[in-house]
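Worksheet: the structure to be examined is printed underneath.
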Number of protein chains: 2
Amino acid sequence: MGAVIPLGDKKNRQASVQPLVDLTRSGMERVNQLILSKAGSDVQMIPEVANHLISSGGKRLRPMLTLASAAMFGYEGEGHIKLATSVEFMHTATLLHDDVVDESDLRRGKSTARMIWGNQASVLVGDFLLGQAFRMMVEVGSLEALDVLSSAASVIAEGEVLQLSVAKNMETTEDDYQSVIRAKTAALFAAAAEVGPIVAGTDKAARNALKSYGMNLGLAFQLVDDALDYGGKVADLGKNTGDDFREGKITLPVILAYRRGNEAERTFWREAIEGGKSDDANLEKAMGLITKYNGLSDTVARAVHYGDVARDALASVPGGEWKDALMDVIDFCIERVS
Amino acid sequence: MGAVIPLGDKKNRQASVQPLVDLTRSGMERVNQLILSKAGSDVQMIPEVANHLISSGGKRLRPMLTLASAAMFGYEGEGHIKLATSVEFMHTATLLHDDVVDESDLRRGKSTARMIWGNQASVLVGDFLLGQAFRMMVEVGSLEALDVLSSAASVIAEGEVLQLSVAKNMETTEDDYQSVIRAKTAALFAAAAEVGPIVAGTDKAARNALKSYGMNLGLAFQLVDDALDYGGKVADLGKNTGDDFREGKITLPVILAYRRGNEAERTFWREAIEGGKSDDANLEKAMGLITKYNGLSDTVARAVHYGDVARDALASVPGGEWKDALMDVIDFCIERVS
């Protein structure tokens, strides 16, 4: 099933990640080689666990952002390959730890590492990948890039703890939710896009443009992800519709339906999310209430808003095929929901 | 109860951490302030969890090593305060994750963070502290120090995974065990001692001397810790005698008793460690077998060996009160067991 999306009138190009994939193909081949090499260890369990997640078919949007944001400023060195790989490792480490924290069984339609190798291995291999990420950043030798990425690492963890502390609390506001997704998702998109101009040696204005692009793209991306959880297909998304509901996660579709609902409906939400009454019948009822109060379409409307901000952030940087590809990714992230 | 220790004849000074504590007092006050400040966050749960562990009365040996190893080369800047704090945060993050991995209830006689706030908070606050550690290192601006500490972060995680993969396997050799403690404990001691001469701008020989001192001190420290687990008092150690036994951890006292034992005794060890029959009666029997085969005294003999190597590593660096204090720490680490 699909949600109804108000796409606005700003869209004027194709909504596709393909131009970015094509432009970064040779760079991403080297990133993928480096991923396999740096996930290697004499300790056999490390590559097993790491490769399980690494080979699970994620789009690798974040490292592509790093490659593109360096190349668009004419960078011809090697550092962006290592930085892109670091970004992907930071993301992978977060996923490994998230699955432990969320007690998830499935990710992208496959068993999570923690279901196969246990929570212990997931925590520790995540730590290892984070360590390897920092080693690669250090090898690149840019203190500015290190500053951006190490700050992102702190902010991401802070966002995850914040998410934990608002979990199962129906009084969570949209602002609280925004703080969570800004920290846990958008901060890494922002850092991934900002380190490109840094290694390319551009001026501060270009850095800020790419950082803002990444931040707002990340917000749009997560908003759409959270909408998809109440309206996506497993095959599309690799996670099951209703996962967030069953885990008692407070996302924007739920916040909107709860706050716009009547007292009986609010009681339902409290029992479902705070009280754990999250069976299939209640999921169906929840989806009905979200639809009744335009929870999905208004979540996507927020995503469209951030997509617009991302587009304007890029407006000031020089045009060309790289910029066009980054623009297309904005629409791609939003239109996944249709 | 105490173990019988063959202390060798190399000991010629007091076995005390007090000279190091006295010399680093003003520096450690600033480290402690920085710890509190950098463990702060608007997300309330973060300082709560962090301070629980930070205030639990560890000796902070690792940051003292960093302060001393910078000061002994005449360093007069500020960077060693941040590096020492980073080292302590890396250690704290490891403890938070270890308690989750080991499913520990107590640490230093207090409930572990995971028992109070859950595994989730322990994983994520550990990640946050690691991120903060890297941010402080980046602020210091030494790529060499960053290289040493980020490499240590990878190696520590690798050692923890290795420990997991040899857990409850009675065929673990002393070499396997040594690989584990070298990675999970000694690598951070080595890094803590090496970054001092790095910020002080010394030559490579001094760096290597301090690195070797730290590595071998760390090995001695962990060997004695593992001996104490079969002969220490809770009040001394803050952990209960037999914790490692109950968790099925393979440490050197067990390896020696197993390998030196007869077939019936080996069967006992397999049932206890691999089969989980680790009640108090079996703990008593295990301690009897360890004593029978000199498991504790020979573990301490290994520690004495590494202490000697640490002492010789320092021999070539200039003498003075700092060097004397570091020498005293070697004996202190070993004689804790008596």
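Laboratory data are not the source of any read-out in this text; all were calculated from the coordinates shown. Note that the structure is a prediction, hence the values are computed from the model and not measured. Heads up, the Cβs are rebuilt from the backbone with ideal geometry, glycines too, and the neighbour counts pull from every protein chain shown.
Shortest first and in nm with one decimal, please list how far the B:Lys285 label point sits from its counterparts in the other copies (point 7 Å along Cα→Cβ).
Computed spacing set for this position: 5.6 nm.
With contacts defined as alpha carbon pairs under 8 Å and 6 or more residues apart, what's the relative contact order of segment A:115-211 in percent?
Once divided by the residue count of segment A:115-211, the mean separation gives 27 percent.
Using a label position 7 Å from Cα in the Cα→Cβ direction, what is the ascending list of nm distances from B:Lys110 to the same site in the other copies?
Relative to the other copies, B:Lys110 has label-point distances of 4.1 nm.
If you take the beta carbon distance between A:Ser316 and B:Glu139 as r and set R0 to 35 Å, what does 1/(1 + (r/R0)^6) give as a FRET efficiency, to the nearest 0.05?
0.70
Segment B:58-106 to segment A:11-73: how many Å between their Cα centroids?
What the calculation gives is 34 Å, centre to centre.
Which of the trypsin sites (Lys or Arg not before Pro) across segment A:58-105 are loop residues per DSSP, with 15 or fewer other Cβ within 10 Å?
Here the trypsin sites (Lys or Arg not before Pro) that fit, given the DSSP loop and packing criteria, are A:Lys59.
Return, for the Cα atoms of the protein assembly as shown, the radius of gyration and Dmax in Å, separated by a comma.
Considering the protein assembly as shown through its Cα atoms, Rg and Dmax are 26.7, 84 Å.
So what is the relative contact order for segment B:18-330, in percent, with contacts set as C-alpha pairs under 8 Å and at least six apart?
It rounds to 19 percent for segment B:18-330.
Give a quick list of GluC sites (Glu not before Pro) in segment B:33-117 that DSSP marks as loop, anything other than H, G, I, E or B, with at most 14 other Cβ atoms within 10 Å.
Answer in residue order: B:Glu76, B:Glu78, B:Glu103.
One decimal, nm, shortest first: give the distances between the label point of A:Ala15 and those of the same position in the other copies, each label point 7 Å from Cα along Cα→Cβ.
7.2
Given B:Lys211/B:Lys285; A:Lys82/B:Lys211; B:Lys184/B:Lys323; A:Lys38/A:Lys168; A:Lys204/A:Lys323; A:Lys184/B:Lys82, which pairs have Cα atoms separated by over 29 Å?
B:Lys211/B:Lys285; A:Lys38/A:Lys168
Give the relative contact order (percent, whole number) for segment A:251-338; include only Cα pairs under 8 Å separated by 6+ residues.
Here the relative contact order equals 31 percent.
At 27 angstrom or more along the helix axis (alpha-carbon based) and mean Kyte-Doolittle of -1.0 or higher, what helices does chain A contain? Whole DSSP H runs only.
Span-like helices in chain A: A:79-102, A:113-140, A:143-166, A:204-228, A:295-315.
Grab the DSSP H runs of chain B that are 4 residues or longer, score each as -39,500 (n - 2.57), total them, divide by all residues and round the 222 nm result to the nearest 500 deg cm²/dmol.
-22500 deg cm²/dmol
Rounded to the nearest 0.05, what FRET efficiency is calculated for A:Glu284 and B:Arg30 with R0 set to 56 Å and r the Cβ-Cβ distance?
Using R0 = 56 Å, I get an efficiency of 0.45.
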